[in-house]
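Written below as structure tokens is the structure these notes are about.
Please treat every number below as a calculation from the coordinates, not as lab data. On a predicted model such as this, the values are computed, not experimentally measured, just so you know. Cβ placement follows ideal geometry from the backbone for every residue including glycine, while neighbour counts extend to all protein chains displayed.
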Protein chains: 2
Amino acid sequence: MTDVDHDAPLSYRDAGVDIGAQDEALARAKGAIRQSFTPGVLGDVGLFGGLFDMARVGCGGHVLVASADGVGTKLDVAKRAGIHDTVGRDLVQHCINDILVQGARPLFFMDYVGTGKLDPVVVSDLIRGCAEGCRDNGLALLGGETAEMPGLYAAGDFDLVGFIVGAVHPDKLLDGGRVRAGQKLLGLESAGLHTNGYSLARKILFERCGHELGDRPAELGGASVQEALLAPHRSYYQLLWPLLEEGRIAAMSHITGGGLVDNLPRVLGGRRARIDLAAWEVPPLFRYLVERGGVARDEAYRVFNMGIGMVLLVEPDQVAPIRAALAAQGEPVHELGAVDEAGSGVVWA
Amino acid sequence: MTDVDHDAPLSYRDAGVDIGAQDEALARAKGAIRQSFTPGVLGDVGLFGGLFDMARVGCGGHVLVASADGVGTKLDVAKRAGIHDTVGRDLVQHCINDILVQGARPLFFMDYVGTGKLDPVVVSDLIRGCAEGCRDNGLALLGGETAEMPGLYAAGDFDLVGFIVGAVHPDKLLDGGRVRAGQKLLGLESAGLHTNGYSLARKILFERCGHELGDRPAELGGASVQEALLAPHRSYYQLLWPLLEEGRIAAMSHITGGGLVDNLPRVLGGRRARIDLAAWEVPPLFRYLVERGGVARDEAYRVFNMGIGMVLLVEPDQVAPIRAALAAQGEPVHELGAVDEAGSGVVWA
């Protein structure tokens with residue numbers, strides 16, 4: 001394809017890149033970004049690199065823990081629903097949990113938005129969601145990048161990516177080294193799919209069942225499909241931080257893509273976990289997905305979290321005090337099983 | 001659209017997500033990732049969060065500098081050319097320069113690959129390019145995420161995003177505070193477009209000129225369109241680090257999206273830079289783009305780096321020693337102009 005008018009001057013805008021829209025998106029989100037700033041942040045929005053002084057938040061000498069993640073095709077649900085300010089929180093809270101399981105306190109976060117045609121309202125909503133998730137969890141949205149890439153993404157399409165850095169005192173690092181046979185596995189509830197398994201969930205709900213977002217199938221107990229699918233990814237940080245500070249937890253696993261089957265072994269230090277599938281009630285959304293999708297049991301526990309978003313490995317004598325501490329915050333605890341004497345991986349009891 | 005066979009069991013794979021392909025991509029790249037590891041890295045590939053101990057690389061007590069970026073539509077050129085192992089290096093070196101300008105030494109990098117259908121060879125090439133770029137610049141590829149998102153990206157499409165963390169001793173931080181009137185601006189050459197302006201360059205070269213990747217227009221002086229467009233983004237880290245350690249540089253600006261016009265003011269501390277456009281010869285690729293695209297002068301210097309990839313602000317008495325030090329490494333230095341007594345922004349002399 002060649003241009004019709006070979007003499008017309010071309011600008012970046014003619015090529016589909018609108019720097020004005022980029023500036024507008026950032027301007028709209030700037031207030032929320034600044035509100036996430038903690039005493040560790042040096043300087044303001046717009047530097048080449050974001051500056052963070054760990055000593056100013058009491059983390060001098062700590063080890064850094066970093067992670068990168070995306071929202072996955074939960075984005076597609078958000079787009080269909082026209083709700084763009086919740087997936088940022090999903091992403092932040094997912095990232096927080098990913099480093100929390102190594103004992104780290106979150107320090108800062110950076111976002112990336114890639115898009116085909118930059119809509120300043122959509123992009124600022126995405127960034128604002130990140131900023132609010134950061135603020136509510138006490139970490140700073142330290143910087144980010146928004147890229148308008150005509151041709152690489154379709155016009156209304158975008159991706160949202162996050163990167164987190166936290167810190168842990170070397171003595172408090174959870175690296176699987178404290179896992180022992182006989183330790184108990186305590187499960188904390190998820191709020192829904194969190195950010196995993198959406199490609200399969202969408203296929204089942206939208207293609208196989210033919211659902212619209214507003215449908216309220218009886219099996220979901222009153223929730224609409226949209227409400228069930230956009231329920232935010234929980235952050236376990238504020239809930240669990242006191243227990244980590246008290247050294248009550250030997251290891252933790254964030255149940256994300258790969259489910260219990262793939263995520264538990266990442267922290268078991270080569271040991272085997274035995275899980276009693278009757279230890280908790282699988283929530284309605286998961287039961288509906290498994291039933292309507294005819295999803296095999298092992299596949300379901302690999303693709304979906306099945307109602308358990310975080311697993312703590314603790315010494316048997318810690319079960320009662322942890323249960324009591326969490327009950328005081330209204331948080332139920334499910335005793336899922338224990339670490340076996342021998343073997344590796346995960347077995348169902 | 002509803003499923004034809006309502007009883008067939010569905011798996012994640014049926015929904016377009018192939019965890020085996022993901023594992024294969026990581027397995028193929030693992031060797032290159034491990035080769036990037038520095039003494040700061042604790043643990044191995046595959047933890048929830050990557051662990052990094054700054055003290056082990058002599059950066060205890062330093063301030064963190066972090067940045068996020070993408071490759072932009074240089075990716076489209078790489079895809080057309082079927083070359084997937086160079087854009088990772090582009091991204092790493094772009095990110096390095098972004099934190100180098102604040103005086104930071106790069107410590108670690110994390111990558112994100114988003115894709116519609118995961119091709120293990122393509123994805124491992126992307127990651128390997130990142131890992132090799134990290135290794136060659138002495139930073140670790142500490143972790144990353146690969147997301148297969150059917151429906152969100154087209155089947156052969158992908159995006160590549162990078163996050164970098166570096167560190168700088170608080171006394172060596174470059175934050176614009178050392179910029180003074182009368183300081184000189186020294187320009188270092190880019191290797192081409194680096195990673196900016198590709199949407200406009202593609203429109204001019206592919207649409208307006210109707211070029212194929214293999215074309216060698218006389219104006220490019222022997223290079224093919226593909227060679228010109230895929231020339232790697234330079235890293236200025238090893239070249240400039242000794243000068244930074246010796247405290248010879250007052251400020252630096254990485255000339256990325258926004259060109260000289262938008263990037264210089266980010267480090268001028270509110271002052272004005274006067275640039276002599278005759279101070280360097282604009283390379284053939286940029287001249288060709290400007291001429292064939294009829295790109296206005298100010299637009300050209302905003303969209304493209306126009307041959308200058310990095311600008312150093314230095315005291316006048318540092319010009320000769322810096323020129324000598326860089327000449328000893330075969331690096332030409334262009335004296336672009338100076339910092340004005342009054343005003344802000346950038347003016348052409």
Output, in nm with one decimal and in ascending order, the distances from the residue B:315 label point to the matching label points of the other copies (7 Å from Cα along Cα-to-Cβ). 6.0
Assign one of three labels to the stretch B:284-347, namely rounded, prolate or oblate, based on the Cα gyration tensor with a ≥ b ≥ c the square roots of its eigenvalues; rounded applies when a/c is under 1.5, prolate when it is not and a/b is larger than b/c, and oblate otherwise. oblate
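Per DSSP H run of at least 4 residues, take -39500 (n - 2.57); add these up for chain A, divide by its residues and hand me the 222 nm value, nearest 500 deg cm²/dmol.
It lands at -9000 deg cm²/dmol.
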Chain A Cβ-axis minimum, rotational copy B, residue and distance in Å: A:163, 2
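In chain B, which whole DSSP H runs stretch at least 15 Å along their own axis (Cα) and average -1.0 or higher on the Kyte-Doolittle scale? Numbers along the way, then the final one.
Numbers: long enough: B:19-35 (25 Å, -0.35); B:87-100 (19 Å, 0.39); B:120-137 (25 Å, 0.08).
Qualifying helices, which must be both long enough and hydrophobic enough, are B:19-35, B:87-100, B:120-137.
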Between residue B:175 and the same site in the other copies, what are the distances in nm, shortest first, taking label points 7 Å from Cα along the C-beta direction? 3.3
Find the eigenvalues of the gyration tensor of the Cα atoms of chain A, then list the square roots of 5 times those eigenvalues as equivalent ellipsoid semi-axes, largest first, in whole angstrom. 37, 27, 16
Placing each pseudo-label 7 Å from Cα in the direction of the beta carbon, residue B:191 and residue B:155 end up separated by a distance in nanometres of 3.4 nm
Label-point gap, in nm, between residue B:44 and residue A:227 - each point 7 angstrom along Cα→Cβ: 4.7 nm
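Among the listed pairs A:74/B:203; A:172/B:30; A:74/A:117; A:203/B:79; A:117/B:79, which have their C-alpha atoms separated by more than 26 angstrom in this model?
Going by Cα-Cα distance, A:74/B:203; A:172/B:30; A:203/B:79 fall outside the 26 Å limit.
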Report, in debye and to the nearest 20, how large the dipole of chain A comes out about its Cα centre when Lys and Arg carry +1 and Asp and Glu carry -1 on their Cβ. 1060 debye
Could you work out the Rg to Rh ratio of the stretch A:19-172, with Rh taken as the Kirkwood radius (inverse of the mean 1/r over all Cα pairs)? 0.99
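What FRET efficiency do you get for residue B:320 and residue B:180 if R0 is 22 Å and r is their Cβ-Cβ distance, rounded to the nearest 0.05?
Efficiency for this residue pair is about 0.75.
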Quick shape check on the stretch B:135-204: root eigenvalues a ≥ b ≥ c of the Cα gyration tensor, a/c under 1.5 is rounded, otherwise prolate if a/b tops b/c, else oblate, and it reads oblate
Among A:191, A:174, A:139, the residue whose Cα sits farthest towards the positive end of the charge dipole of the stretch A:104-195 (+1 at Cβ of Lys and Arg, -1 at Cβ of Asp and Glu, taken about the Cα centre) is A:174
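Under a Cβ-only charge scheme (Lys and Arg +1, Asp and Glu -1), can you give me the dipole magnitude of the stretch A:161-221 about the Cα centre, in debye to the nearest 20?
Computed charge dipole of the stretch A:161-221: roughly 260 debye.
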Sort A:138-150, A:65-77, A:223-235 for me by packing, meaning the mean count of neighbouring Cβ atoms within 10 Å per residue, highest on top. A:65-77, A:138-150, A:223-235
Euclidean distance of C-alpha centroids, the stretch B:181-211 and the stretch A:190-240, integer Å: 45 Å
Among A:235, A:223, A:204, flag the residue with its Cα farthest along the positive direction of the charge dipole of the stretch A:184-348, charges on Cβ as +1 for Lys/Arg and -1 for Asp/Glu. A:204
Does a label point 7 Å from the Cα of residue B:335, set along Cα-to-beta-carbon, have any residues of the stretch B:169-208 with amide nitrogen under 13 Å, and which are they? B:183-187
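Using alpha-carbon pairs under 8 Å, 6+ residues apart, how would you state the relative contact order of the stretch A:184-348 in percent? Don't skip to the end; give the middle numbers.
Values: 283 pairs, mean separation 69.0, N = 165.
Worked out over the stretch A:184-348, it gives 42 percent.
Order these by the 10 Å Cβ neighbour count, fewest first: A:53, A:215. Show your work: numbers first, answer last.
Numbers: A:53 19, A:215 13.
By the 10 Å Cβ count, ascending, the order reads A:215, A:53.
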Please report the antiparallel percentage of DSSP beta bridges with both residues in chain B, rounded to the nearest 5. 75 percent
What shape does the stretch B:141-265 take by its C-alpha gyration tensor, where a ≥ b ≥ c are the square roots of the eigenvalues and a/c under 1.5 counts as rounded, a/b above b/c as prolate, and the rest as oblate? oblate
In whole Å, largest first, the alpha carbons of the stretch A:184-348 cover along the principal axes 48, 35, 22
Can you give the charge dipole size of the stretch A:19-172 about its Cα centre, rounded to the nearest 20 debye, using +1 on the beta carbon of Lys and Arg and -1 on the beta carbon of Asp and Glu? 340 debye
Once both labels are modelled 7 Å past Cα along the beta-carbon direction, what's the residue A:28-residue A:216 spacing in nm? 3.1 nm
Taking the Cα atoms of the protein assembly as shown alone, what are Rg (to one decimal) and Dmax (as a whole number) in Å? 25.8, 80
Work out the charge dipole of the protein assembly as shown with +1 on the Cβ of Lys and Arg and -1 on the Cβ of Asp and Glu about the Cα centre, then indicate which of B:8, B:84, A:214 is farthest towards its positive end. B:84
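Return the average number of partner chain Cβ atoms within 10 angstrom of each residue Cβ along peptide A:285-298. Could the numbers behind the result be given before it?
Details: counts 0, 0, 0, 0, 1, 2, 0, 3, 7, 7, 5, 3, 0, 0.
For this peptide, the per-residue mean of nearby foreign Cβ atoms is 2.
Assuming a viscosity of 0.692 mPa s and a temperature of 37 °C, what translational diffusion coefficient in µm² per second does Stokes-Einstein assign to the stretch A:252-292, Rh being the Kirkwood radius over Cα pairs? Before the final figure, lay out the partial values.
On the way: Rh = 11.9 Å.
In µm²/s, the coefficient rounds to 277.
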Shortest first, in nm, what separates the label point of residue A:214 from those of the same position in the other copies (7 Å along Cα→Cβ)? 5.6
